[in-house]
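Novice: The structure under discussion is supplied below as structure tokens; questions concerning it will follow.
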Amino acid sequence: MFQIDKYQYSIGEHHGQSVIWVHFPYNLESLSHLREHVKARWSQSKKCWFVNDVSIYRQLFHLPAKSIGKNALVKIHPINQPEWQRFYDLLELKGYSPNTIKTYTVEFAQLLYALKDFPVQDLSAEKLRSYMLYCIKELKLSENQVHSRMNAIKFYFEQVLHREKMFIDIPRPKKPLLLPKSLNMKEVKQLFQVTDNLKHLLILQLCYGMGLRVSEIVNLKISDIDSERMKVFISNAKGKKDRYVNLPHFVLEPMREYYKAYRPKEYLFEGQYGGPYSVRSVQAIFKNAMEKAGISKRIGVHGLRHSYATHLLEMGTDISLIQKLLGHNDIKTTLIYAKATDTSLDKVKSPLDYLGKSEKEVKM
């Protein structure tokens with residue numbers, strides 16, 4: 001296990017590339033430990049060890065995720081850069097997730113780009129309304145992106161500037177009610193059959209077999225798995241909630257084979273530099289498996305979680321139990337699967353099926 005307390009970290013540049021400097025009092029034990037876990041290199045000019053500034057190392061060193069690139073920040077006029085920093089700092093202080101921070105800072109930056117040298121704190125409610133209309137009519141943003149941008153801007157005015165009445169007269173576009181996309185059981189089986197790599201297969205099986213989000217699968221630690229109780233501890237998931245899910249008996253032997261073959265140190269699935277496997281790698285595994293299986297549905301790896309919930313409902317599992325297993329706060333979120341699996345609708349026959357039949361057959 002990597003001992004982060006042995007070192008201190010700082011973000012910087014080296015030969016034009018973004019790096020993370022790793023500082024520690026020189027001794028062979030600390031140096032060996034560092035080089036065992038990460039691909040650290042020595043800078044002769046800076047007299048310091050460093051690694052590339054990538055998300056894997058930011059997670060490993062407990063550093064904040066990148067929210068907006070330096071080039072993007074330069075595009076914000078100097079008059080508004082301090083406000084962007086206040087916005088970012090408050091998100092950090094309130095403990096928002098790295099994904100939320102990234103989304104909010106990017107969306108808020110879009111407003112600042114449009115304002116150029118106009119101070120964002122001087123915006124009136126009327127001008128904000130005009131900007132949101134511009135996003136809808138001119139930029140043609142989707143309903144979801146408009147909501148995302150409004151949430152970010154609302155956070156700035158209400159949480160940073162404490163102006164709660166700025167958005168009273170700005171209506172939100174209605175979100176489309178989309179049913180979750182899922183695979184049927186035959187397609188899930190096909191997906192597994194075409195996946196030869198032991199590690200890739202186990203990732204897909206656990207995504208489906210435990211209904212995990214991709215962020216949850218990559219952050220699974222070996223210590224989270226209790227094969228005696230057949231439980232898996234999902235730590236600090238979406239909404240900063242912990243929960244337990246059931247470990248399928250089906251994967252016990254494959255998991256033991258995988259462990260013997262790969263010998264992960266801390267995380268169940270680790271990347272080439274150590275630390276958790278990347279989300280993009282899991283997405284690529286799913287995409288390749290879909291292509292090999294000849295499944296043409298437009299669906300991402302999150303569809304395996306949807307498939308898990310859908311198939312549990314079809315097997316008669318109580319909706320409240322599915323809510324707990326998925327880690328939903330509100331039962332309404334889980335009930336959307338009930339709309340996608342309404343078996344009573346399957347009994348309804350189309351009038352087209354009765355054409356050509358006799359009146360007696362129709363009545364029967």
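The values are calculated or read from the model by the stated rules, or taken from the named source; none is laboratory data. Because the structure is predicted, anything quoted here is derived from the model rather than measured. With ideal geometry, Cβ positions are generated from the backbone for all residues, glycine too; neighbour counts draw on all protein chains shown.
Novice: For the range 21-50, name all the residues that are surrounded by 14 or more Cβ atoms within 10 Å (Cβ to Cβ), within 30 Å of the chain's Cα centre (by Cα) and modelled with pLDDT under 90.
Specialist: Leu34, His37, Val38, Ala40
Novice: Name, by its number, the condition in (1) farther than 22 Å from Ser182 by Cβ; (2) buried (at least 16 other Cβ atoms within 10 Å of the Cβ) that does not hold for His200.
Specialist: It is condition (1) that His200 fails.
Novice: When you look at Asn52, is it polar (S, T, N, Q), in contact with a Ser or Thr (Cβ under 9 Å, 6 or more places away or on another chain) and more than 26 Å from Ile153 (Cα to Cα), yes or no?
Specialist: Criteria met by Asn52.
Novice: Further, regarding this structure: Select from the range 6-60 the residues that are acidic (Asp, Glu) and closer than 23 Å to Tyr267 by Cβ and list them in ascending order. Walk me through how you get there before you give the answer.
Specialist: Taking the range 6-60 and keeping what is acidic (Asp, Glu), we get 13, 29, 36, 53.
Once the filter is applied, which keeps residues that are acidic (Asp, Glu) and closer than 23 Å to Tyr267 by Cβ, the range 6-60 yields Glu36, Asp53.
Novice: While we're here: Restricting to the range 231-254, give me the number of residues that are out of contact with any strand residue (DSSP E or B) (no Cβ under 9 Å at 6 or more places or on another chain) and touching a residue at least 60 places away in the same chain (Cβ under 8 Å). Quick ask: steps written out before the conclusion?
Specialist: First pass over the range 231-254, keeping only residues out of contact with any strand residue (DSSP E or B) (no Cβ under 9 Å at 6 or more places or on another chain): 238-240, 248-254.
Narrowing the set further to residues that are touching a residue at least 60 places away in the same chain (Cβ under 8 Å) leaves 238-240.
The qualifying residues number 3.
Novice: Which of the residues spanning the range 206-230 are assigned to a helix (DSSP H, G or I), closer than 16 Å to Leu325 by Cβ and touching a residue at least 60 places away in the same chain (Cβ under 8 Å)? Break it down into steps so the answer makes sense when it comes.
Specialist: Here is the first cut: in the range 206-230, the residues assigned to a helix (DSSP H, G or I) are 206-209, 214-218, 222-224.
Going one step further and asking which of them are closer than 16 Å to Leu325 by Cβ, we end up with 206-209, 216-217, 224.
Listed by number, the residues that qualify are Cys207, Tyr208, Gly209, Ile217.
Novice: Might you check whether a residue that is over 29 Å from the mean Cα position of the chain (by Cα) and in the same structural domain as Ile11 (by TED's automatic domain parsing) occurs anywhere in the range 102-125?
Specialist: Filtering the range 102-125 for residues over 29 Å from the mean Cα position of the chain (by Cα) gives 115-125.
Pick out the ones that are also in the same structural domain as Ile11 (by TED's automatic domain parsing) and you get none.
No, the range 102-125 contains no residue that is over 29 Å from the mean Cα position of the chain (by Cα) and in the same structural domain as Ile11 (by TED's automatic domain parsing).
Novice: Something else now. Of the residues Val251, Val245, only one is at pLDDT below 95, closer than 30 Å to Ile4 by Cβ and surrounded by 12 or more Cβ atoms within 10 Å (Cβ to Cβ); which?
Specialist: Val245
Novice: Check Tyr308 against each of (1) over 18 Å from the mean Cα position of the chain (by Cα); (2) under 17 Å from Phe192 (Cα atoms); (3) of a type in the set (Ser, Thr, Tyr) and name the one condition it does not meet.
Specialist: (1)
Novice: Check Lys174, Lys265, Lys240 and return the single one that is modelled with pLDDT under 95, in contact with a helix residue (DSSP H, G or I) (Cβ under 9 Å, 6 or more places away or on another chain), within 30 Å of Lys94 (Cβ to Cβ) and of a type in the set (D, E, K, R).
Specialist: Values: Lys265 fails: within 30 Å of Lys94 (Cβ to Cβ); Lys240 fails: in contact with a helix residue (DSSP H, G or I) (Cβ under 9 Å, 6 or more places away or on another chain).
One residue alone meets the criteria, Lys174.
Novice: Within the range 1-23, track down each residue that is in a loop (DSSP other than H, G, I, E, B) and touching a residue at least 24 places away in the same chain (Cβ under 8 Å).
Specialist: Start the filter on the range 1-23 by keeping residues that are in a loop (DSSP other than H, G, I, E, B), which leaves 1-3, 7, 15-16.
Correct list: Met1, Phe2, Gln3, Tyr7.
Novice: Could I ask something else about it? Search the range 84-131 for residues being in a loop (DSSP other than H, G, I, E, B) and aromatic (Phe, Trp, Tyr), and hand back the single one that is farthest from Arg58 (Cα to Cα).
Specialist: The residue in question is Phe118.
Novice: Of the conditions (1) of a type outside the set (A, V, I, L, M); (2) assigned by TED's automatic domain parsing to the domain that holds Val106; (3) under 28 Å from the mean Cα position of the chain (by Cα), Gly209 fails just one. Which one is it?
Specialist: Single failed check for Gly209: (2).
Novice: Applying the selection to the range 231-261, what residues are in a loop (DSSP other than H, G, I, E, B), closer than 21 Å to Val301 by Cα and out of contact with any Asp or Glu (no Cβ under 9 Å at 6 or more places or on another chain)? Reasoning before the result, please.
Specialist: Let us first name the residues in the range 231-261 that are in a loop (DSSP other than H, G, I, E, B), namely 238-240, 247-248.
Cutting the leftovers down to closer than 21 Å to Val301 by Cα gives us 238-239, 247-248.
Listed by number, the residues that qualify are Gly239, Pro248.
Novice: Return the residues of the range 132-158 that are touching a residue at least 40 places away in the same chain (Cβ under 8 Å) and either assigned to a loop (DSSP other than H, G, I, E, B) or outside the structural domain of Gly95 (by TED's automatic domain parsing) (or both); say none if nothing qualifies. Please lay out each step first, then the result.
Specialist: Restricting attention to the range 132-158, the residues satisfying the condition of being touching a residue at least 40 places away in the same chain (Cβ under 8 Å) are 148-149, 151-153, 155-156.
Scanning the range 132-158 gives no hits.
Novice: Check the range 308-315 and report whether any residue there is loosely packed, with under 15 Cβ neighbours inside 10 Å and either in contact with a strand residue (DSSP E or B) (Cβ under 6 Å, 6 or more places away or on another chain) or more than 15 Å from Gln205 (Cα to Cα) (or both).
Specialist: The answer is yes; a qualifying residue exists.
Novice: Taking the conditions exactly as written (within 24 Å of the chain's Cα centre (by Cα), closer than 22 Å to Val218 by Cβ and not assigned by TED's automatic domain parsing to the domain that holds Pro276), does Asp89 satisfy them or not?
Specialist: Numbers: within 24 Å of the chain's Cα centre (by Cα): yes; closer than 22 Å to Val218 by Cβ: no; not assigned by TED's automatic domain parsing to the domain that holds Pro276: yes.
Considered against the rule, which asks whether it is within 24 Å of the chain's Cα centre (by Cα), closer than 22 Å to Val218 by Cβ and not assigned by TED's automatic domain parsing to the domain that holds Pro276, Asp89 comes out as no.
Novice: Do we find a residue being out of contact with any Cys (no Cβ under 6 Å at 6 or more places or on another chain), at positive phi and not in a strand (DSSP E or B) anywhere in the range 186-205?
Specialist: Here is the first cut: in the range 186-205, the residues out of contact with any Cys (no Cβ under 6 Å at 6 or more places or on another chain) are 186-205.
Adding the requirement that they be at positive phi leaves none.
Looking for residues that are out of contact with any Cys (no Cβ under 6 Å at 6 or more places or on another chain), at positive phi and not in a strand (DSSP E or B), one finds none in the range 186-205, hence no.
Novice: Let me ask you something else. If you go through the range 262-274 one residue at a time, do you hit one that is part of a helix (DSSP H, G or I) and either under 30 Å from Leu34 (Cβ atoms) or touching a residue at least 60 places away in the same chain (Cβ under 8 Å) (or both)?
Specialist: Yes, there is a match, as at least one residue in the range 262-274 is part of a helix (DSSP H, G or I) and either under 30 Å from Leu34 (Cβ atoms) or touching a residue at least 60 places away in the same chain (Cβ under 8 Å) (or both).
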